[in-house]
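Peer 1: I am attaching a structure below and will ask some questions about it afterwards.
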Amino acid sequence: MPPSDEPLFRVVRGTVTDSELAALTVVLLARSSPDPMPTPVTPLAAWRRPAYTQPLSWQEAA
């Protein structure tokens, strides 16, 4: 879409307060930012338990 000379928004009636202008600024900045990077997916191998190792025998533990 080609840029136009029309303003992006306009105040039709009333006066904009500082908090309303700040809220509008945040919304416009959020809409103009690129999509965030997707979060990395944890591989299923990371969910596995560690390999089972046999505990020491009771004779070795004493």
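Peer 1: Can you work out ³J(HN,Hα) from phi for every residue in region 16-21, in order, using Karplus 6.51 cos²θ - 1.76 cosθ + 1.60 and θ = phi - 60°, giving whole Hz and x for Gly and Pro?
Peer 2: So the Karplus estimates, Gly and Pro as x, are 7, 7, 4, 5, 5, 5 Hz.
Peer 1: Another question, if that's okay. Once you place label points 7 Å from the Cα toward the Cβ at Thr15 and Ala30, how far apart are they in nm?
Peer 2: Spacing of the two 7 Å Cα→Cβ label points: 2.8 nm.
Peer 1: Can you list the HN-Hα couplings for region 7-14, worked out from phi with the Karplus curve (6.51, -1.76, 1.60; θ = phi - 60°), rounded to whole Hz and with x for Gly and Pro?
Peer 2: 3J(HN,Hα) across region 7-14, in whole Hz: x, 5, 8, 8, 8, 7, 8, x.
Peer 1: How much length would be gained if the chain were fully extended between Thr39 and Ser4, taking 0.36 nm per residue of separation minus their Cα-Cα distance, in nm to one decimal?
Peer 2: Details: separation 35, 0.36 × 35 = 12.60 nm, distance 3.60 nm.
Extra length from Thr39 to Ser4 when fully extended: 9.0 nm.
Every number here is computed from the coordinates shown, using simple stated rules; none is lab data. Source: prediction; values computed, not measured. Glycine gets a Cβ as well: all are built from the backbone with ideal geometry, and neighbour counts include every protein chain shown.
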